[in-house]
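Below is one structure, written out as structure tokens, with a few remarks after it.
The values are calculated or read from the model by the stated rules, or taken from the named source; none is laboratory data. Only a predicted model underlies this, so the values are computations on that prediction, with no experimental measurement involved. Because the Cβ atoms are built from the backbone with ideal geometry, glycine has one as well, and the counts that use them run over all protein chains shown.
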Amino acid sequence: MPKYLQTCIEPYLESFAETFAAENYTAGTVKAYQSILRKVGHAMDLEGIKPSGLTLDMAERLGRKVPRKNTGTIWPHKLACRFAQHLLNIGVTHPVSLTEAQQARATLLADFETYLVKHRGLSSRSIYQTLRITNRFIDHRFGDAVIDPGRLRPTDVISFIEHVLAGIGRNKTAVTHVRIFLQYLFANGAIESNLALSVPKATKRWGARLPRHLSPEGIEAVLSYVRDNPRHGARDYAMLLIMARLGLRAIEVIGIQLDDIDWRAGELLVRGKGKLHDRLPISAEVGEALSRYLREERGPASCRTLFVTHRAPHRPFKDSQIINTVLKDALKATGQKPLTPFVGSRLLRHSLATQLVNSGASLDEVGDVLRHRSRTSTMIYARLDIDGLRSVAMPWPVTGGEQ
């Protein structure tokens, strides 16, 4: 008999399984979840933690102790947190009272999130990243103490930016997130001076390089591989085709709703940055790819999102990592060496812009296709117009002066 079979959480596993069954998870998946949770329950038994005392923090810590060797794509700590939330929902556990400092932080961040939605128009993904960096900034400056924005100084801001940029990964977007938070504090009257002006800029060492792109032949090879490979199927092909032909961003692709497709007019509503919407024409090629996916692959999802997971309960994707994975696999299969260790979905968007420039399109036309709001965003493609650059290049100096 497995050592994890009987644990303190056994009486609650059945009701927890019912929450997954209600979301159309398969019986095999639910059984696998229960098996992993029994390991979490065993860890609870070893530490003397009763189900009534399990908090979200405890659940995450215990879940991270479960080896991922035999859990597949399941993250034990996420599953443990969901179980802890289930215990809270059915009344086995009770909400933990917050300290004064925790309550002040929660109130500040909730108001900041409202500001990001109403005044900045950020997407849910951008809001998540901004709040995450903001939390790190608060921890760096105040720790567990009560937050007092009035005590912030430029040196605090610079110290945090240096700390982030010196760490692993060097998240340069942290500069933007901190700047937004300081702008919010200034607009809200929490600080007397606009400390956003003291945020240093992150060095862009690769600003002079050409945009990463594939040749037209390379793009067609990637699309052909994904279209004909049963491992990927119609969904992955449709996602890559939309990006390669229409220039959509990955986050825009996974955000497409069924109602965004106007089949009669042959148009697609694109939900772009800043909650701006555009309508793009759907070519016959793209329309056929979407139609094939809807007919052959899309499961009985309860949501209205176009692209959903193959596995039940057929949910929308949380982020665009699925597209990066499909693209990286296709590049490897077609013998095209990735331009960098990290293969981003912008590769297809840059490739489309490169094709337009090489075909004689103006920068204004490229900006229209990519739906840029600023000409500055399009200027990076000016470096691709080699003939045009030659006409304005200064002659190379030679010995003895100009010749």
* Asked: Tell me, which residue of the stretch 237-286 that is in a helix (DSSP H, G or I) and small (G, A, S) is farthest from A221 (Cα to Cα)?
  -> G274
* To do: Could you please let me know if K39 is among the basic types (K, R), over 14 Å from F83 (Cβ atoms) and within 34 Å of the chain's Cα centre (by Cα)?
  => no
* Asked: Is there any pair with a first residue in the stretch 362-378 that is closer than 20 Å to L269 by Cα and assigned by TED's automatic domain parsing to the domain that holds L269 and a second that is surrounded by fewer than 18 Cβ atoms within 10 Å (Cβ to Cβ) and among the polar types (S, T, N, Q) whose Cβ atoms are under 9 Å apart and which are 6 or more apart or on different chains, and what are they?
  -> G367/S374; G367/S377; L370/S377
* Asked: Just checking, which of S291, S320 is assigned by TED's automatic domain parsing to the domain that holds R231, closer than 30 Å to A22 by Cα and without any contact (Cβ under 8 Å) to a residue 40 or more places away in the chain?
  -> S291
* To do: Identify the single condition in (1) under 21 Å from S193 (Cα atoms); (2) free of Cβ contacts under 8 Å to residues at least 24 places away in the same chain; (3) surrounded by 14 or more Cβ atoms within 10 Å (Cβ to Cβ) that R151 does not satisfy, given that it satisfies every other one.
  => (3)
* Structure fact -> Of those in the stretch 89-113 that are part of a helix (DSSP H, G or I) and free of Cβ contacts under 8 Å to residues at least 12 places away in the same chain, the residue farthest from L276 (Cα to Cα) is N89
* Among what's in the stretch 124-148 and is assigned to a loop (DSSP other than H, G, I, E, B) and loosely packed, with under 14 Cβ neighbours inside 10 Å, pick the residue that is modelled with the lowest pLDDT. => D144
* Structure fact -> Expected single match for at pLDDT below 85 and touching a helix residue (DSSP H, G or I) at 6+ places or on another chain (Cβ under 9 Å) among G167, G121 is G121
* What are the pairs, 6+ residues apart or on separate chains, where a residue within the stretch 114-137 that is without any contact (Cβ under 8 Å) to a residue 60 or more places away in the chain has its Cβ under 8 Å from a residue that is of a type outside the set (A, V, I, L, M, F, W, C) and not in a helix (DSSP H, G or I)? -> I133/N171
